[in-house]
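Peer 1: Take this structure first; my questions come after.
The values are calculated or read from the model by the stated rules, or taken from the named source; none is laboratory data. Keep in mind it's a predicted model, so treat the numbers as computed, not measured. FYI the Cβ positions are ideal-geometry reconstructions off the backbone, even for glycines, and counts take in every protein chain you see.
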Amino acid sequence: MNRMQPRLIAVSARSDDDPLDPSAVAIVRPAPAIELSAASVTFGRGANSVPALRETTLRVPDGEFVALVGPSGCGKSTILRLVAGLVAPTTGVVVVGGREVAAKALRIGMAFQNPTMLPWMTIEQNIMLPLKIVEPFRSRYRQERKGAFRDKAHALLAQVGLTGFAAKFPWQLSGGMLQRANLCRALIHEPRLLLLDEPFGALDQFTREELWAILQDLWLAHRPTVLLVTHDLREAGFLANRICVMSARPGRIVDDGVVAFARPRSIAMTFEPDFVALNQRLRELIVDARAAVPEKT
């Protein structure tokens, strides 16, 4: 059997998926879903300032699944917050969906390590919350919350293996079940961009692996652009099309490569030599990143 090379392949300037008009003189490329141009973040001012992210450039095409890995405190979550518009860049520009993040040009879904479900609401009601807030669903919520929107929630629950749990309350579900419901809530309003910050970090290994497969299926079905922050290198290799390795704080991207394994991927594949070699290379990059002396900023 021919095995894929266990290396990260350098990202080329042009994707094979980029459209090319033969009659045009220049290559025409759509705006990326995410683009950071020399974006940096420093918290505080003067002597109390803390640089969290050095000037970072990152381009993520629409529909791509990118994982950010690196030492603790390297700025992975800071990049996520920049993209979500929760933090403003100190320098540089952050563009999402062709506009600066302040323009709110893109519907965003988010999922974190703790699935923050409202305990007084049923799972169905929790999942449908974004539909009460985000247009164009908000204006139709009262008319469709017991019809099309409920059907939409139940269809997502079925996709993650939670058929029959819509009327349950969060305290009646396990941690893994809550995180499945959390993914449903993140996708219910059809986001073009999904931001995931250690969504499976609090779960046991078997539950994590089960949810990796579920998330892969959801991504293959809906194809949102995904930016995943994780410390789990197997998780990054299983889920992502690209893996960006970051240096120690103040972080920057020191390696950006494509994961050359076909989909759908299986858990068994993660124990094969090529995948293990990929993980080992990532680990070595992170060890080097932790040991490196940060540049003065």
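Peer 1: Within the bounds of region 288-297, is there any residue that is at pLDDT 90 or above and either within 16 Å of the chain's Cα centre (by Cα) or assigned to a helix (DSSP H, G or I) (or both)? Spell out how you get there, then give the answer.
Peer 2: Initially, region 288-297 is screened for residues at pLDDT 90 or above, giving none.
No: region 288-297 contains no residue that is at pLDDT 90 or above and either within 16 Å of the chain's Cα centre (by Cα) or assigned to a helix (DSSP H, G or I) (or both).
Peer 1: Next question. Of the residues that sit in region 141-161 and are in a loop (DSSP other than H, G, I, E, B) and among the small types (Gly, Ala, Ser), which one is farthest from the chain's Cα centre (by Cα)? Quick ask: steps written out before the conclusion?
Peer 2: At the first step, the residues of region 141-161 found to be in a loop (DSSP other than H, G, I, E, B) are 145-147, 160-161.
Restricting the remaining residues to those that are among the small types (Gly, Ala, Ser) gives 147, 161.
Values: Gly147: 30, Gly161: 21 Å.
Among them, the one singled out is Gly147.
Peer 1: Separate question: Go over the candidates Arg234, Arg185 one by one and state the one that is in a helix (DSSP H, G or I), in the same structural domain as Pro71 (by TED's automatic domain parsing) and modelled with pLDDT of 90 or more. Can you show your working first?
Peer 2: On the way: Arg185 fails: in the same structural domain as Pro71 (by TED's automatic domain parsing).
Selected residue: Arg234, the only one of Arg234, Arg185 that is in a helix (DSSP H, G or I), in the same structural domain as Pro71 (by TED's automatic domain parsing) and modelled with pLDDT of 90 or more.
Peer 1: Just for region 237-268: of the residues that are in contact (Cβ under 8 Å) with a residue 24 or more places away in the chain and in a helix (DSSP H, G or I), which one is farthest from Thr42 (Cα to Cα)?
Peer 2: The selected residue is Phe238.
Peer 1: A follow-up question, please. Looking at region 40-51, which of its residues are on the phi < 0 side of the Ramachandran plot and either surrounded by fewer than 23 Cβ atoms within 10 Å (Cβ to Cβ) or part of a loop (DSSP other than H, G, I, E, B) (or both)? Full working, then the answer.
Peer 2: Here is the first cut: in region 40-51, the ones on the phi < 0 side of the Ramachandran plot are 40-43, 45, 47-51.
Answer for region 40-51, where residues must be on the phi < 0 side of the Ramachandran plot and either surrounded by fewer than 23 Cβ atoms within 10 Å (Cβ to Cβ) or part of a loop (DSSP other than H, G, I, E, B) (or both): Ser40, Thr42, Phe43, Arg45, Ala47, Asn48, Ser49, Val50, Pro51.
Peer 1: Another question about this same structure. If I ask for residues that are assigned to a loop (DSSP other than H, G, I, E, B) and modelled with pLDDT of 90 or more, which ones from region 114-140 would you list? So that I can check it myself, show each step before the final result.
Peer 2: Of the residues in region 114-140, the ones assigned to a loop (DSSP other than H, G, I, E, B) are 114-122, 128, 134-137.
Residues satisfying the conditions are Met117, Leu118, Pro119, Trp120, Met121, Thr122, Met128, Phe137.
Peer 1: Surrounded by fewer than 24 Cβ atoms within 10 Å (Cβ to Cβ) and under 19 Å from Ala289 (Cβ atoms): does that describe His231? Full working, then the answer.
Peer 2: Details: surrounded by fewer than 24 Cβ atoms within 10 Å (Cβ to Cβ): yes; under 19 Å from Ala289 (Cβ atoms): yes.
Yes: the conditions hold for His231.
Peer 1: Also, I was wondering about something else. Within the set of pairs 6+ apart or on separate chains, which have a first residue in region 70-93 that is within 15 Å of Cys244 (Cα to Cα) and touching a residue at least 24 places away in the same chain (Cβ under 8 Å), a second that is among the small types (Gly, Ala, Ser) and part of a helix (DSSP H, G or I), and C-beta atoms under 8 Å apart?
Peer 2: Short answer, once both residue conditions are applied: Gly70/Ala289; Pro71/Ala289; Cys74/Ala289.
Peer 1: From the list Arg107, Arg99, exactly one residue is among the basic types (Lys, Arg), within 18 Å of the chain's Cα centre (by Cα) and surrounded by fewer than 19 Cβ atoms within 10 Å (Cβ to Cβ). Which is it?
Peer 2: Numbers: Arg99 fails: within 18 Å of the chain's Cα centre (by Cα).
Testing whether each residue is among the basic types (Lys, Arg), within 18 Å of the chain's Cα centre (by Cα) and surrounded by fewer than 19 Cβ atoms within 10 Å (Cβ to Cβ) leaves just Arg107.
Peer 1: Please tell me if Arg208 is in a helix (DSSP H, G or I), modelled with pLDDT under 95, farther than 24 Å from Glu124 by Cβ and basic (Lys, Arg). If you could, list the steps in order and put the result at the bottom.
Peer 2: Numbers: in a helix (DSSP H, G or I): yes; modelled with pLDDT under 95: yes; farther than 24 Å from Glu124 by Cβ: yes; basic (Lys, Arg): yes.
In short, yes.
Peer 1: Quick check on my filter: what residues within region 127-158 are out of contact with any Asp or Glu (no Cβ under 7 Å at 6 or more places or on another chain) and closer than 21 Å to Asp217 by Cβ?
Peer 2: Passing the criteria: Ile127, Pro130, Asp151, Lys152, His154, Ala155, Leu156, Leu157, Ala158.
Peer 1: Another question, if that's okay. Considering only residues that are surrounded by 22 or more Cβ atoms within 10 Å (Cβ to Cβ) and among the hydroxyl-bearing types (Ser, Thr, Tyr), which ones fall in region 73-92? Quick ask: steps written out before the conclusion?
Peer 2: Here is the first cut: in region 73-92, the ones surrounded by 22 or more Cβ atoms within 10 Å (Cβ to Cβ) are 74-76, 78-79, 82-83.
The answer is Thr78, and nothing else.
Peer 1: Suppose the filter is touching a helix residue (DSSP H, G or I) at 6+ places or on another chain (Cβ under 9 Å), crowded, with 19+ Cβ neighbours inside 10 Å, over 29 Å from Glu135 (Cβ atoms) and of a type in the set (Gly, Ala, Ser); does Gly70 pass it?
Peer 2: Answer is yes for this residue.
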